[in-house]
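Heads up, the thing below is written out as structure tokens.
The values are calculated or read from the model by the stated rules, or taken from the named source; none is laboratory data. Since the structure is predicted, the reported quantities are computational estimates derived from the model, not experimental observations. Here the Cβ positions follow ideal geometry from the backbone for every residue, glycine too, while neighbour counts run over all protein chains shown. Each accessible area value is taken on the protein alone, full model and side chains, heavy atoms only, with ligands, DNA and RNA left out. Shrake-Rupley method; radii C 1.70, N 1.55, O 1.52, S 1.80 Å.
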Amino acid sequence: METIYFAGGCLWGVQAFIKTLKGVVSTEAGRANGTTNTIYGEYDGYAECVKTVFDPKIVSVPQLMDYFFEIIDPYSINRQGNDVGKKYRTGVYSENRSHLDAALDYIAKRDDSDRIVVEVLPLTNYVRSADEHQDRLDRYPNDYCHIPKQILNKYKNQTVKWA
């Protein structure tokens, strides 16, 4: 199993979407690349993210990037939907250099690569979010989410077929 972290605005929807993907073993709501190891206190520069444990025999980083780009506006700086602020920036983080290289290659191959503002950086710090944020939309499906429901549930109960 391998681990990668996706920041795509409010983590509630990102987690709800990612956990439905074939090959994703587990997810956890958290904070990437802040400067402290606590969820309490002043904002410390983190991005809301979803820790994603996946089986690389089933899903690759480029495939995960395809999915990720379905739920984000890759041109928006520090904003996704109605969520505004640095903590809502888009990003891909990992301790595995090959994951970052694959993400950078994925972006570079896109026709719109010159407009994409998704951060791709080594993970320097991760802090798990409070329990109230874990699997939030499972418990409160009518809470606000910047991802439209038809996209949020697109792969739920589906077998994904690769081209």
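Results, tabulated for the structure shown:
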{"read-out": "Some residue of region 97-117 being open to solvent by less than 50 Å² (accessible area, probe 1.4 Å), under 19 Å from THR52 (Cα atoms) and among the β-branched types (Val, Ile, Thr)", "value": "no"}
{"read-out": "Filter pass, LYS156 being touching a residue at least 12 places away in the same chain (Cβ under 8 Å), in contact with an Asp or Glu (Cβ under 6 Å, 6 or more places away or on another chain) and of a type in the set (D, E, K, R)", "value": "no"}
{"read-out": "Subset tally (residues that are free of Cβ contacts under 8 Å to residues at least 60 places away in the same chain and more than 19 Å from MET65 (Cβ to Cβ)) for region 87-144", "value": "7"}
{"read-out": "Number of positions in region 34-52 that are open to solvent by less than 30 Å² (accessible area, probe 1.4 Å) and closer than 23 Å to SER98 by Cα", "value": "7"}
{"read-out": "Residue among ASP105, ASP44, ASP101 that is of a type in the set (Asp, Glu), farther than 25 Å from ASN153 by Cβ, over 16 Å from the mean Cα position of the chain (by Cα) and part of a loop (DSSP other than H, G, I, E, B)", "value": "ASP44"}
{"read-out": "Region 57-67, subset under 17 Å from the mean Cα position of the chain (by Cα) and assigned to a loop (DSSP other than H, G, I, E, B), residue surrounded by the fewest Cβ atoms within 10 Å (Cβ to Cβ)", "value": "SER60"}
{"read-out": "Which listed residue is open to solvent by less than 70 Å² (accessible area, probe 1.4 Å) and either modelled with pLDDT of 95 or more or within 23 Å of MET1 (Cβ to Cβ) (or both), from TYR75, TYR88", "value": "TYR88"}
